[in-house]
Amino acid sequence: MDNIIANISANIIYLAIPLILSAVVISAVYMDKKGVPMILVALFAGIVFGKDGLKFWEFNDMIFANTFANLALVFILFHAGFTTNKANLKLVALPAIGLATWGVIITSVVVFVCLHFILGWDSKLAILLSVIIASTDVAAIFSILRKRPLGHRLSTIIEVESAANDPMAILMTIVTLHALSAVGANLSAPILILQFLWKFASAPVIGFIIAKFVVWLINKLIPQETGYYHVIMLSTALFTYGLTETFEASGMLAVFTAGFVMGNMYFVQKQGVYNFASSMSTIANILLFVLLGVLVEPSKWLGEKVGETVLLTGGVLFFVFLSFAARPIAVFLGTVGMRIPVKEKLFISWAGLRGAVPIVLATYPTAYGIEHGNEIFDMVFFVVLLSLVIQGSSLGVVAKFLKLTTVARPEPPYSLEFYSKNEMELGQRLVVFSVGMPDPEGCEGPAIKDLDLPDSTVLLMIARRQKVPVLFKQTRKIIKLLNERSENFGEEAKELVEKAQEIVLEINEKRNFNSGDNEGERDIWQVLPPRGDTVLRGWDHVTILTTAGDQQKVIETLKGSFKSYSKEDDVKE
């Protein structure tokens, strides 16, 4: 027995982490159906398995947590940039980028005023909390909004802002910590402003140059081993951060920029790189939030003080100031003159969920040797928890109350990836992409043979969602019984059984069984082979192979054949 206990202690990292991660994934799959974000599940898992729970994993190394958090943020922000579509960005560039820059600054200023002048907290503590909490969370917003069908422009503003405001908050926090630390205390205000401008201006340039070079290199080498592309992506994210930080610029902003540039360029195995980046981001998110959950001790919240206020009371007031004052003021001031309806501004204000980045930034004060480091971490953790639980769970209710919900357009569970070595050598770049047909769902469009498509174009696949009746329980039982009888009585009974099955299915369609047995209808996805007489329908996802030069013409031809054509419909490459 002693040997078994010793072996468990020696291998605790291999036992604890897999069990915790498996518990998170199993719980997240179930809770996802209820609109609970995965990161909230991971946080609670960390708390349950940590010092205040089962004591399965006792961890209190804030410096290590900060180091790991930086590593996790590299992959989270790279993926956020990779998934930010340039076309969507152009559509909402002014409000989304505005909220991601000066909106973050306004939020910080209002929070500082509330904490310092209303609660009377120390100015150093108030300014640190105000810059740390300033950004919204891309992972939480993406996971919740995809279940809340909103207008395309509104959801795009919120998603792009959440993806783009993290670098700004990180930059403000780093500069503030540098100014408040022993190193920066002796620096003048002009020097600190110049440092901020250097970090903000140079980082995107470095990220842009590295991303352009990597895409050129991939298209030049065209490795045959799929895993090589994943290694290149991993190296790109890490090297971009490391090089930028070496030049004392914002590594996080450079990583986001590199992801954005690569995500909006063509390169071989792009879909595979996207899948890998998505996986790395998910793994980083889960590990990060479990680690942060283990690090926190909720039992101290009732007695711990931040400033002169008990953490629990101060955290609630902090959340109220942030959600009902700072965020709405930032949204309404940051979008002045942009013709955004008031009810949409109200929803954007409530959709400012806090998440990974504020908690990660809350580990920085301790790493910089700043006073009140542990209190800052606990306070930010508590406010983020309130934000995820209260705002995250009520977004759907608020959207319905403001009458902003629309019919959701589902994504098909199919995709194709294509690349050819010869296409690069000949300079005839081929692209594979899918186009979603316009609203409404099921409306009849043209037959494929009637489309005036370029000669270079090949339609590869049509994905269509259809409602089909689900067999009654009694119907299934009868068909199963008929099949068994057919097997027992041999070939002579097959024809009779087939006739009987036809009659049973007709009865099923007419709903002649007891209504309590009726299981209704369900949606299924079908893959249709494109033929000349195939008629396209609204919401079909058509996958096409063509040359890069003909891509836009193909999109306009396909969508232009529908009377309800909208330029905001998604195109996925």
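Peptides 454-461, 341-348 ranked from most to least packed, by the mean per-residue count of other Cβ atoms within 10 Å: 341-348, 454-461. In order along the range 153-166, the Karplus-derived 3J(HN,Hα) couplings, from 6.51 cos²θ - 1.76 cosθ + 1.60 at θ = phi - 60°, round to 5, 5, 5, 5, 4, 5, 5, 5, 4, 5, 6, 9, 8, 4 Hz, and Gly and Pro are given as x. Note that the range 192-334, at 10 °C in a medium of 1.306 mPa s, gets a Stokes-Einstein diffusion coefficient of 86 µm²/s from its Kirkwood radius over C-alpha pairs. For the listed peptides 525-531, 197-203, a ranking on the average number of other beta carbons within 10 Å per residue, highest first, reads 197-203, 525-531.
Taking amide hydrogens as placed 1.01 Å from N in the peptide plane, the amide H of Leu460 sits under 5 Å from those of Thr543, Ile544, Leu545, each at least 5 positions away in sequence or on another chain. For Arg537, the residues whose modelled amide H falls within less than 5 Å of its own, excluding neighbours fewer than 5 places apart on the same chain, are Gly445. Scalar couplings 3J(HN,Hα) for the range 277-294, obtained by applying the Karplus form with A = 6.51, B = -1.76, C = 1.60 to θ = phi - 60°, are 4, 5, 5, 5, 5, 5, 4, 4, 4, 5, 4, 4, 6, 5, 4, 5, x, 5 Hz; x denotes Gly and Pro. Among the listed pairs Lys220/Lys270; Lys199/Lys270; Lys467/Lys553; Lys124/Lys199; Lys345/Lys400; Lys343/Lys400, a Cα-Cα separation exceeding 20 Å is found for Lys199/Lys270; Lys467/Lys553; Lys124/Lys199. Charge tally for Gly337 (other residues, Cβ to Cβ under 15 Å; Lys, Arg +1; Asp, Glu -1): +1.
Footprinting exposure proxy ranking of His541, His230, fewest other C-beta atoms within 10 angstrom first, gives His230, His541.
Protection proxy ranking for 391-403, 368-380, using the average of other Cβ atoms within 10 Å per residue and placing the highest first: 368-380, 391-403. In sequence order, the range 319-335 has phi-based couplings of 4, 5, 4, 5, 7, 10, 10, 4, 5, x, 4, 4, 5, 5, 6, x, 10 Hz under the Karplus curve 6.51 cos²θ - 1.76 cosθ + 1.60, θ = phi - 60°, and Gly or Pro positions carry x. As a proxy for reagent exposure, ranking Lys124, Lys51 by other Cβ atoms within 10 Å from fewest up yields Lys124, Lys51. Ranking of Asp540, Asp166 by neighbouring Cβ atoms within 10 Å, starting from the fewest: Asp540, Asp166.
All of the numbers you see were taken from the coordinates with simple rules; none came from a lab. Remember, it's a predicted structure, so these values are computed and weren't measured experimentally. FYI the Cβ positions are ideal-geometry reconstructions off the backbone, even for glycines, and counts take in every protein chain you see.
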